[in-house]
Amino acid sequence: MENGISIWEIIMVVCFGASWPFAILKTIRVKNPAGKSYLFMGLIIIGYLAGCIHKIIYDLDAAIWLYVLNIVLVATDFVLCLYYQYKLNKKAQQQAAADAAPGNK
């Protein structure tokens with residue numbers, strides 16, 4: 001068990017988490033989750049949760065908050081992708097229904 005926060009762990013978690021705000025902004029800007037992998041984001045969340053569990057059981061220090069922040073960022077992008085995918089699917093269904101309506105051929 002270490003005493004204190006490892007600067008290397010902080011650098012690692014900050015670097016891993018640095019891209020998520022940009023990913024979230026892009027998702028909001030384009031409103032289309034095409035190319036996003038739900039499996040990838042889910043695995044990232046599981047990895048950060050495992051890091052939190054390790055921190056709680058073996059080495060609780062302030063770095064856990066970086067893991068929590070990264071979980072929140074990845075989960076935010078995940079939820080935004082689900083939301084925009086739902087909206088796109090709903091719009092496509094409405095368009096298909098309008099195209100199939102009598103008199104639209």
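Values in this text are rule-based calculations from the coordinates and carry no lab data. Note that the structure is a prediction, hence the values are computed from the model and not measured. Here Cβ is always computed from backbone atoms with ideal geometry, including for glycine, and neighbour counts include all displayed protein chains.
Once R0 is set to 30 Å, what does the formula 1/(1 + (r/R0)^6) return for the Cβ-Cβ distance between ALA34 and SER6, expressed as a FRET efficiency to the nearest 0.05? Spell out each step's value before the answer.
On the way: r = 38 Å, r/R0 = 1.27.
That gives a FRET efficiency of 0.20.
If I take R0 = 35 Å and measure r between the Cβ atoms of SER19 and ALA100 in this structure, what FRET efficiency does the formula 1/(1 + (r/R0)^6) give, to the nearest 0.05? It would help to have the intermediate numbers written out before the result.
Numbers: r = 42 Å, r/R0 = 1.20.
Given R0 = 35 Å and the Cβ-Cβ separation, E is 0.25.
Can you tell me which of LYS31, LYS90, LYS55 moves the most in a GNM of the chain? Springs connect C-alpha atoms under 10 Å apart.
LYS90
Which angle from 0 to 90°, rounded to the nearest 10, does the C-alpha axis of helix 7-17 make with the longest principal axis of the chain?
0
Out of every Cα pair in the chain, what percent are spaced more than 22 Å from each other?
Working: 2531 of 5460 pairs.
Value for the chain: 46 percent of Cα pairs lie more than 22 Å apart.
From Cα coordinates alone, what are the radius of gyration and Dmax values for the stretch 38-96 in angstrom?
When restricted to the Cα atoms of the stretch 38-96, Rg and Dmax are 16.2, 55 Å.
Any chance you could give the angle, 0 to 90 degrees and rounded to 10, that helix 20-30 forms with the longest Cα principal axis of the chain?
Roughly 10 degrees, rounded to the nearest 10.
Straight distance only, please: which lysines reach the Cα of LYS36 with their own Cα at less than 22 Å, same-chain residues fewer than 8 apart left out?
The reachable lysines, counting only those whose Cα sits under 22 Å from LYS36, are LYS26, LYS87, LYS90, LYS91.
Could you sort the peptides 11-18, 34-41, 73-80 by per-residue average Cβ neighbour count (10 Å cutoff), highest mean leading? Please list the in-between numbers first.
Working: 11-18: 14.0, 34-41: 11.6, 73-80: 18.8.
Top of the packing list down: 73-80, 11-18, 34-41.
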